[in-house]
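Trainee: Below you'll find the structure I mean.
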Amino acid sequence: MFTNKTFLITGIADENSLAMKVAEKIIQNNGKVVCTGLGVTPFHKNLSEKAASFLNKSYGDFETPCKNKLGADTLTFPLDVTLPESLDSLVEFLNQNNVKLDGFLHAIAMDKTIRNKSVKPMLEVTAEEFNDTMTVSAFSLISLSHVLLMSHILQKGASIVSLSYIAAEKVSFFPYINMSIAKAALERLTIEMAYELGRDYGIRANCVRFSPYMGSKAGNATLKTEDVDRADRLSPLGNATPEDLAHEVVHLFRPETRITGEIRHVDGGFHIMG
């Protein structure tokens with residue numbers, strides 16, 4: 001299906017990340033992937049010892065499973081989407097490796113208002129916290145698309161898929177508040193991108209809402225077992241699996257489809273419940 005096709009996969013934090021499952025499915029369908037993860041870049045200035053240690057560990061948690069599960073020759077790159085220089089460096093890296101992209105997965109998110117599985121009330125969220133979450137989790141879709149398009153790396157007819165969840169639309173019992181606002185923005189940006197990129201480049205843009213998932217580093221940091229169990233009980237088909245999500249993303253990446261501007265649900269029917 002994906003012979004001679006290459007996709008950029010962002011947001012892999014460890015071997016159990018949803019983005020990793022998508023990358024594996026692309027390779028199973030004869031495609032290639034380039035993966036980005038959080039790590040120290042030459043453009044991080046005046047990092048504290050603690051911050052540098054965190055970023056180095058994060059990159060190790062990302063790179064090692066990429067090489068082990070996706071292949072030793074898999075291209076990996078440390079990316080900070082908040083730094084224009086880092087985005088430009090990604091472009092340089094892709095050009096050096098003669099990579100042209102047929103699409104990318106946006107699976108990047110960050111929210112400092114969630115700590116130890118507890119979430120700060122919206123009225124207590126600072127402007128800095130709000131803006132940081134919005135920049136990383138939503139606006140990065142724009143900044144990444146822009147730099148890849150202007151460098152002619154993202155090809156005409158490509159496909160962009162972003163990951164979201166039901167809290168972008170409804171108040172939920174999951175510990176997401178500030179992040180939910182950013183995901184709502186991400187979904188709305190996806191729709192705008194579907195129009196602009198579709199008209200000008202034939203590029204599709206879609207978003208997929210997924211069930212609560214504790215398997216990844218991010219899920220373990222925020223969700224509680226009872227949250228996942230409750231969603232599983234309420235969903236007519238039970239919670240969707242990472243395999244279900246990977247199937248849907250791969251379907252949206254297929255070059256012959258004309259699906260765009262969609263907010264898809266891969267959640268076992270959780271979104272239909274009152």
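The values are calculated or read from the model by the stated rules, or taken from the named source; none is laboratory data. It should be emphasised that the depicted structure is a prediction, and the values quoted were computed from it without experimental measurement. Using ideal geometry, Cβ is built from the backbone for each residue, glycine included, and neighbour counts are taken over all protein chains shown. Calculation scope for accessible area: heavy atoms of the full protein, side chains included, ligands and nucleic acids excluded. Shrake-Rupley method; radii C 1.70, N 1.55, O 1.52, S 1.80 Å.
Trainee: Using a Gaussian network model of the chain with C-alpha springs under 10 Å, which one of 168, 138, 51 is most mobile by mean-square fluctuation?
Mentor: 51
Trainee: Sticking with this structure for a sec: Would you kindly state how much longer the chain becomes between residue 233 and residue 43 on full extension, computed as 0.36 nm times their sequence separation minus their alpha carbon distance, in nm to one decimal?
Mentor: This chain segment gains 63.8 nm when fully extended.
Trainee: Determine which lysines satisfy two conditions relative to residue 25: a Cα distance under 17 Å, and not lying fewer than 8 residues away in the same chain.
Mentor: Straight-distance partners of residue 25: 5, 67, 69.
Trainee: For the charge dipole of the chain, defined by +1 on Lys and Arg C-beta atoms and -1 on Asp and Glu C-beta atoms about the Cα centroid, which residue among 159, 127, 90 has the Cα displaced farthest towards the positive pole?
Mentor: 159
Trainee: Take the Cα radius of gyration of segment 178-274 and divide it by 2.2 N^0.38 Å, with N its residue count; two decimals is plenty. Walk me through the numbers on the way to the answer.
Mentor: Working: Rg = 15.0 Å, N = 97, 2.2 N^0.38 = 12.5 Å.
That works out to 1.20 for segment 178-274.
Trainee: Computed over the Cα atoms, what is the radius of gyration of segment 98-240 divided by 2.2 N^0.38 Å, N being its residue count?
Mentor: Compactness ratio reported: 1.13.
Trainee: Between 17, 140, 151, where does the largest GNM mean-square fluctuation fall for the chain, given springs only between Cα atoms within less than 10 Å?
Mentor: Among 17, 140, 151, the largest GNM mean-square fluctuation belongs to 151.
Trainee: On to the next question. At 1.4 Å probe size, with every protein chain present, just tell me what the per residue accessible area of the chain comes to in Å².
Mentor: On the way: 13100 Å² over 274 residues.
With the other protein chains kept in place, the chain gives 48 Å² per residue.
Trainee: Could I ask something else about it? Pull out the extension gain between residue 68 and residue 131, defined as 0.36 nm times the separation in residues minus the alpha carbon to alpha carbon distance; nm, one decimal.
Mentor: 19.1 nm
Trainee: For a quick check of understanding: with a 1.4 angstrom probe and all protein chains in place, what accessible area in square angstrom does residue 33 have, to the nearest ten?
Mentor: 10
Trainee: Right, here's the next one. Once ligands and nucleic acids are excluded and a 1.4 Å probe is used, how much of residue 63 is accessible, expressed in Å² to the nearest 10?
Mentor: Surface open to solvent at residue 63 totals about 60 Å².
Trainee: Any lysines with Cα under 25 Å of the residue 120 Cα? List them, leaving off those in the same chain fewer than 8 positions away.
Mentor: Candidates past the 8-residue exclusion: 50, 112, 170, 183, 217, 224.
Trainee: Compute the relative contact order of the chain as a whole-number percentage, counting only Cα pairs closer than 8 Å that sit 6 or more residues apart in sequence.
Mentor: Value for the chain: 19 percent.
Trainee: Could I ask something else about it? Which of 43, 174, 253 ends up with the largest GNM mean-square fluctuation for the chain, with Cα atoms connected below 10 Å?
Mentor: Of 43, 174, 253, the most mobile in the Gaussian network model is 43.
Trainee: What is the Cα coordinate range of segment 1-121 on the first, second and third principal axes, sorted by size from largest, in whole angstrom?
Mentor: Sorted from largest, the Cα extents of segment 1-121 read 45, 31, 26 Å.
Trainee: Based on DSSP H runs of at least 4 residues, each adding -39500 (n - 2.57), what is the mean residue ellipticity at 222 nm of the chain after dividing by all its residues, to the nearest 500 deg cm²/dmol?
Mentor: -13500 deg cm²/dmol
Trainee: Okay, moving on. So which aspartates and glutamates can residue 57 reach, going by Cα to Cα under 16 Å and dropping same-chain residues fewer than 8 places off?
Mentor: 14, 15, 49, 80
Trainee: I would also like to ask the following. Counting only protein heavy atoms, what percent of the accessible surface of the chain is carbon or sulfur at a 1.4 Å probe?
Mentor: 52
Trainee: Among the DSSP beta bridges whose two residues both lie in the chain, what percent are antiparallel, rounded to the nearest 5?
Mentor: 5
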